[in-house]
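Undergrad: Pasting a structure here, questions to come.
The values are calculated or read from the model by the stated rules, or taken from the named source; none is laboratory data. Keep in mind that what you see is a predicted model, and the values were worked out from it rather than measured. Counting neighbours? That spans all protein chains shown, and the Cβs are built from the backbone with ideal geometry, glycine included. Heavy atoms of the whole protein, side chains included, go into the accessibility calculation; ligands, DNA and RNA do not. Shrake-Rupley method; radii C 1.70, N 1.55, O 1.52, S 1.80 Å.
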Amino acid sequence: MATGYLEILRARHATRLLVGTLVGRLPNATAAIAIVLFVRAEGGSYSLAGALAAVYGVANAVGQPVLGRLVDLRGQPRVQLPAAVLSALAMAAFAFVGIEPRAAAYGAVAAAGLFTPPLEGGLRALWSSVLHREDHVHRAYAMDAVAQEVMFTVGPLLVTVCASLWSPQAALLVLNGLGVLGALSVVVSKPARAWRSAPRAAHWLGALRSSGLLALLGAFLFVGIAMGSITVAAVPYGDENGGDHVYGWLMAGLGFGALVGGTAYGARRWAGEPARRLQVLVAFLAVCYLPLTLMPGPAAMTLLAVVAGLFLAPAIACAFVLIDRHAPAGTVTEAFSWLVTTFTVGASVGTGLAGPVVEAGGAQGGFAIPAVAGGVALLVLLSTGRVLAVPADGALVAAGSENDPNRAVEPRLGSGDRA
């Protein structure tokens, strides 16, 4: 398992691009908790903190596909670095101005979210030019999904460490400064400077004209709903079973499960249709959410959280392969950015939906939402199976370009050819 990942990391520029992208995405991964801590330190209410964090999230969801399209049109250095600088400056303005006047605070966090650079989609567009082999690209997708889980686990810890050592204001400034350095490391690299999107047909819908991409986005909207609802349902469970540390263990369990599952998924190569593979993975994802409704003691519940997280990173990695195949030529960064946006919107919807459900039916009702949402995601994939099995016109290009040929071999969960 380790040998396969080390082979990728030994490839020229691979480690730099991966680490630079992760560091560059720290401001986005930590924005919600950093904003909450800063607002509370300024004497603001939790309602204000939540509203500002929500504005950041909505602006980020809007900005990602827009900036992704600009990357496809203008190249990575011309878009990624200026966007990172503008986002950091906006967050710095928020850190220095504070929560008054309110209009300035809302405007600053909105600008910070809107200009967050699409480094995630940009990295996935670069992998084929760095690794050249399709099976290595697919393993890199799995490694990317695993690294994402690590970042979203470590990121909030960095915020709390910075806030405790210095101040919440310093946390905002330091993390956004690191984000600019991460983006700079990526865009000055040779692959980022040399990368050019394939020629694209002029169309106002851009990547969204692909029916296969729309099917994927529809499914992952509900996967996002599942993830968002879990974070809310776990709060009353923690309150009833030991407090905040129990909630922390549940969230850590989900992240650890995704890390283990993604690592296993990308460890080997295997042949098989990725559309069918994604259906199987999402089916397992939905089934593994069901036991959470049993709500046993904290230790057993943490173990169930690990199981619930196992198939998330593999499902995301498999979705990356399908996006490669279905994104119309010249729109690959935009297409990846749409997946980020859709997942984020789904998580926000899940968070909002779980609140009243928990109030009406308790934590058990909240934990039922992920299983239902996972089931709906599976139904979307099953009903659009024919669309997903056939790449969109223009998506199929030569090996080593920005899109993935149909004949590629992808990582497998185990030996043999069955999931």
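Undergrad: Please compute the Kirkwood hydrodynamic radius over region 52-102, one decimal place, Å, based on all pairs of different Cα atoms.
TA: After inverting the pairwise mean of 1/r, the radius is 12.2 Å.
Undergrad: Still on this structure, I have one more. Enter the accessible area per residue of the chain (Å², integer; probe 1.4 Å; all protein chains in place).
TA: 40
Undergrad: May I pose another question? Can you find, among Phe220, Val23, Gly375, the residue farthest towards the positive end of the dipole of the chain? Put +1 on the C-beta of Lys and Arg, -1 on that of Asp and Glu.
TA: Highest projection toward the positive end goes to Val23.
Undergrad: Which shape class, rounded, prolate or oblate, goes with region 154-250 when its Cα gyration tensor gives a ≥ b ≥ c as root eigenvalues, a/c under 1.5 marks rounded, and past that a/b bigger than b/c marks prolate?
TA: Cα axes put region 154-250 in the oblate bin.
Undergrad: Which Cα, out of Val62, Leu73, Val282, lies furthest along the positive dipole direction of the chain (beta carbon charges, K/R +1, D/E -1)?
TA: After comparing all options, I get Leu73.
Undergrad: Same structure again: How far apart, in nm, are the 7 Å Cα→Cβ label points at Ala299 and Asn241?
TA: 1.3
Undergrad: Now a separate question. Using only DSSP helix segments of four residues or longer, with each worth -39500 (n - 2.57), what per-residue ellipticity at 222 nm results for the chain after dividing by its residue count and rounding to 500?
TA: Helices in the chain give a 222 nm mean residue ellipticity of -26000 deg cm²/dmol.
Undergrad: Using alpha-carbon pairs under 8 Å, 6+ residues apart, how would you state the relative contact order of the chain in percent?
TA: RCO, the chain: 26 percent.
Undergrad: Follow-up. What do you get when you divide the Cα radius of gyration of region 169-308 by 2.2 N^0.38 Å, with N the number of residues?
TA: Against the empirical 2.2 N^0.38 Å value, I get 1.42 for region 169-308.
Undergrad: Compare the peptides 351-363, 164-176, 277-289, 320-332 by average per-residue count of other Cβ atoms within 10 angstrom and give them in order, highest first.
TA: Listed from highest to lowest mean packing, they are 320-332, 277-289, 164-176, 351-363.
Undergrad: Can you give the local net charge around Leu381? Use residues other than it whose beta-carbon is closer than 14 angstrom to its beta-carbon, Lys and Arg +1, Asp and Glu -1.
TA: Net local charge, Leu381 excluded: +2.
Undergrad: For region 78-184, build the convex hull from the C-alpha positions and give me its volume per residue in Å³.
TA: 101
Undergrad: Separate question: For the ranges 102-111, 180-189, 40-49, 121-130, what's the packing order if you count other beta-carbon atoms within 10 Å of each residue, average per peptide, and put the highest first?
TA: Ranked from most to least packed, the peptides come out as 121-130, 180-189, 102-111, 40-49.
Undergrad: Right, another one. If you count, for each residue, the other Cβ atoms within 10 Å and average over each peptide, how do 137-143, 61-67, 261-267 line up from highest to lowest?
TA: Packing proxy ranking, top to bottom: 137-143, 261-267, 61-67.
Undergrad: Using the Cα centre as the reference, give the magnitude of the dipole from point charges on the C-beta atoms of the chain (Lys, Arg: +1; Asp, Glu: -1; all else neutral), rounded to the nearest 20 debye.
TA: With Lys and Arg at +1 and Asp and Glu at -1, about 1240 debye.
Undergrad: Quick one: pull the percent of accessible area on the chain belonging to carbon and sulfur, 1.4 Å probe, ligands and nucleic acids left out.
TA: Roughly 67 percent, rounded to a whole number.
Undergrad: Looking at the chain from every direction and averaging, what is the projected area of its Cα convex hull in nm²?
TA: 18.9
Undergrad: Okay, moving on. So how compact is region 228-312: Cα radius of gyration and Dmax in angstrom?
TA: 14.3, 46
Undergrad: Distances longer than 17 Å among the Cα atoms of region 3-104: what percent of all pairs is that?
TA: Of all Cα-Cα pairs in region 3-104, 62 percent lie more than 17 Å apart.
Undergrad: In region 216-260, which chymotrypsin sites (Phe, Trp or Tyr not before Pro) fall in coil by DSSP and have 13 or fewer other Cβ atoms within 10 Å?
TA: Passing sites in region 216-260 do not exist.
Undergrad: Can you give me the solvent accessible area of Trp338 with a 1.4 Å probe, rounded to the nearest 10 Å²?
TA: Accessible surface of Trp338 is approximately 60 Å².
Undergrad: Membrane-span-like helices in the chain: DSSP H runs reaching 27 Å or more (Cα, own axis), mean Kyte hydropathy at least -1.0?
TA: Helices meeting the span and hydropathy rule in the chain are 46-74, 76-97, 134-165, 168-187, 211-240, 244-265, 332-383.
Undergrad: Here's another thing I want to ask about it. List the relative contact order of region 36-142 as a percent without decimals, with contacts defined as Cα pairs under 8 Å and 6+ residues apart.
TA: Here the relative contact order equals 33 percent.
Undergrad: Among Met143, Phe38, Thr333, pick out the residue whose Cα is farthest towards the positive end of the charge dipole of the chain, where Lys and Arg carry +1 and Asp and Glu carry -1 on C-beta, about the Cα centre.
TA: Going by the charge dipole, the pick is Thr333.
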